[in-house]
Every structure is written in structure tokens, then in C-alpha cells.
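Report on the structure given below.
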Amino acid sequence: MPVLYDIDRINRKALWLQKKRYNGLKIVTKIRFLNRNSVNEEAIFLLIKNQFNIEIYPYLLEVKKWILPQLLYNNPVRIQVEKQHFELKKILYPPFHSESFNSTEEFANLLEENIRFEIRILFPLVSLQFQNLVLL
């Protein structure tokens, strides 16, 4: 069982990550805006790759380091989050992106799905687990 200090530190990190996750929705909005305004798909892809390296990938690493270890390996929520993170990464990096990447809108949809899943299910679940540990 984690020490109370660790629980507090992880809980604060979870709250920070949850707030940071909303930045991803700004990226989704930006991609959709550019698509609606007929901006070149390659230019949007470069923006996605840049934002992924600056914002999204570091966030995914933090979730993997701080949040996912709080869930059992066979937890369906953990499995779903890991699958979504893999899908986001595989769209952008060779050898996968050429065969599986259809459009920038596809990436925006996948990113939004992941963000909503984490905000609505992952973070409340982890928060609930911490509350239960503190009460024990």
C-alpha cells in the first residue's frame, strides 16, 4: 500500500494532468478549424506532429508514469487508455502512419475520444481509488 505522502503527491499530479488535458481539446479545435477552412492537409499534419511532440506526447508519458500504475494491469480502463495512446502514437510515426493515417480529422477524432474518456472515466476512477485508500 502506498504511503500517504505518495497518495497525496500522485493525487496532485492527477489533478494537474486533468487540467492539462483540456489543452488537447484546444488542439482538436484548431485542427477542425483548419480543416473547415481548407488548409492544406500536409500543413495541418505538420502542426499535429509539432503539437504532438510539444504537448501530447509528454502528457502521455506523464499519464503512463503517474496514473496508469494506480490501476491493475487487467483493468479495462487501463487497457482502453493504453490502446488509445498507442493509436495516437502509431498515426504519427513510421512505419505505421503511411498505411493507417487517413486524415487529420481522423487524428482529431481519436484525440478527442481519448481526452473525453480520460476526463470522464480515468481521472474520476483514480480519484475514487485514492479516496478509498485514505479512508482505510
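The values are calculated or read from the model by the stated rules, or taken from the named source; none is laboratory data. All values derive from a computational prediction rather than experimental measurement. Glycine also receives a Cβ, built like all others from the backbone with ideal geometry; neighbour counts cover every protein chain displayed.
Data overview
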{"read-out": "Subset of segment 33-46 that is more than 15 Å from Leu88 (Cβ to Cβ) and of a type in the set (A, V, I, L, M, F, W, C) - its residue that is farthest from the chain's Cα centre (by Cα)", "value": "Val39"}
{"read-out": "Helices (runs of 4 or more DSSP H) lying entirely in segment 38-136 (those with 1 or more residues that are at pLDDT 90 or above and within 15 Å of Asn23 (Cα to Cα))", "value": "41-51, 57-62, 104-117"}
{"read-out": "Hits in segment 55-94 - residues which are farther than 19 Å from Ile119 by Cβ, over 13 Å from the mean Cα position of the chain (by Cα) and free of Cβ contacts under 8 Å to residues at least 40 places away in the same chain", "value": "Pro69, Leu72, Tyr73, Asn74, Lys90, Ile91, Tyr93, Pro94"}
{"read-out": "Of all residues making up segment 11-31, the number that are over 29 Å from Phe45 (Cα atoms) and either at pLDDT 75 or above or within 12 Å of the chain's Cα centre (by Cα) (or both)", "value": "4"}
{"read-out": "Complete set of residues in segment 20-46 that are under 21 Å from Lys65 (Cβ atoms) and either exposed (fewer than 11 other Cβ atoms within 10 Å of the Cβ) or hydrophobic (A, V, I, L, M, F, W, C) (or both)", "value": "Tyr22"}
{"read-out": "Residue list for segment 50-69, restricted to those being surrounded by 17 or more Cβ atoms within 10 Å (Cβ to Cβ) and either among the hydrophobic types (A, V, I, L, M, F, W, C) or closer than 19 Å to Ile121 by Cα (or both)", "value": "Phe52, Ile56, Tyr59, Leu60, Val63, Trp66, Ile67, Leu68"}
